[in-house]
Amino acid sequence: MSVSQHTANKDGVLPVRQADTDPPNALMAIRIFMWRTWQHTKHNGFGLVMDAVLSPVLLLLIFSYLFGGAMAGSTGAYIQFLLPGILILTVVPMTVYSGTTICSDITKGVYNRFRTLPFWQPASVLGSILTDGLRYTVGVIVALGTGLALGFRPEGSVIQIVLAIAFILFFAFSVSWIFALIGVVAKRPETVSGSSMIAIYPLLFASNILVDSSTMPKWTGILIDLNPISMAAATVRGLMNGTATMPVIMTGIGVSVLFIAIFTPLTLYLYQTKNER
């Protein structure tokens, strides 16, 4: 900015920069809301440690040492099967935060304040959901590191392992839109967390995360394989073990894309028209 732009006019009033009055563009608005969500996350360090650090460690220790012998004959053999599923089990419950954050903004009246400001309104939802990816990343790194310490040895290449981690984050991003939708329509944040957990845990444990579906009765195995959580776990397991086939990978990606295609536009529409209903 030139010096002349700071020169007061004849009434002694400094001119206002055009950049100070223009509304932020979409990318800038998303960046602002990502920063805002990160500030909330930093101030809730205890919750981050509990969800992204302690939970995956405890889950791995409990399932590998208590059930490893019964499931696969030894802890070392079971961890090879278990860890890819635990990565999914780590991130999916954390996606509920996307819904509780949005619902909390709405119930506290922050949403109404946002609606009066001149920025791209979906940024308040997108920024929050994108920042939650940091939480998922920490959880995946901690779970993977704990698994390696317990004896997990991926048989896939480095590229396949990186793709597996990228897929987990993408799958979590897609699932977070489901809970973002619940967060928009729910009356209270407690309703989001309570109702979501009732749906999540049956889906998580009625999947192939802990047990190979091929060992189940045929009809049970078919139902388990149709569970989207099973499809995601099979994709991660295949990539980690270097055995993933194209149909398995495309199924996992397809489920994620389907979630995004359905729930993203629906969530943003309901969010922007909430006061009109």
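The values are calculated or read from the model by the stated rules, or taken from the named source; none is laboratory data. Computed from a prediction, not measured in an experiment: that's the story for all the values here. Ligands, DNA and RNA are stripped out before the accessible areas are found, and what is left, the full protein with its side chains, is counted by its heavy atoms. Shrake-Rupley method; radii C 1.70, N 1.55, O 1.52, S 1.80 Å.
Details
- Accessible area expressed per residue, segment 20-155, with surrounding protein chains retained (probe 1.4 Å, Å²): 46 Å²
- Ordered from largest to smallest accessible area (heavy atoms of protein chains, 1.4 Å probe), the residues K274, K187 come out as K187, K274.
- Exposure of Y201 as accessible area (Å², to 10), given a probe of 1.4 Å and all protein chains: 90 Å²
- One entry in [x] 6, 20, 23, 21, 16, 9, 4, 1, 0; [y] 6, 26, 30, 19, 10, 5, 3, 1, 0; [z] 6, 21, 26, 24, 15, 6, 1, 0 is P(r) over Cα pairs in 10 Å bins from 0, in percent calculated from the shown coordinates; its label is [y].
- Counting heavy atoms of the protein chains alone, L54 has an accessible area of about 80 Å² for a 1.4 Å probe.
- Segment 195-268-segment 103-151 distance, computed between alpha-carbon centres (Å): 22 Å
- Probe 1.4 Å, all protein chains present, accessible-area order of L204, L61, largest first: L61, L204
- Helix 158-185 and the long axis of the chain differ in direction by around 60°, with both axes built from C-alpha atoms.
- Once the Cα-Cα distance is subtracted from the 0.36 nm per residue extended length, the M216 to T137 segment shows a gain of 25.2 nm.
- Global form of segment 99-252, assessed from the alpha-carbon gyration tensor, a/c cut-off 1.5: prolate
- Among T267, T146, the sequence by solvent-accessible area, most first, with a 1.4 Å probe is T146, T267.
- Helix 26-42 vs. the chain, principal-axis angle (Cα, 0 to 90°, nearest 10): 60 degrees
- Accessible surface of the chain [probe 1.4 Å, protein heavy atoms]: carbon and sulfur percent: 69 percent
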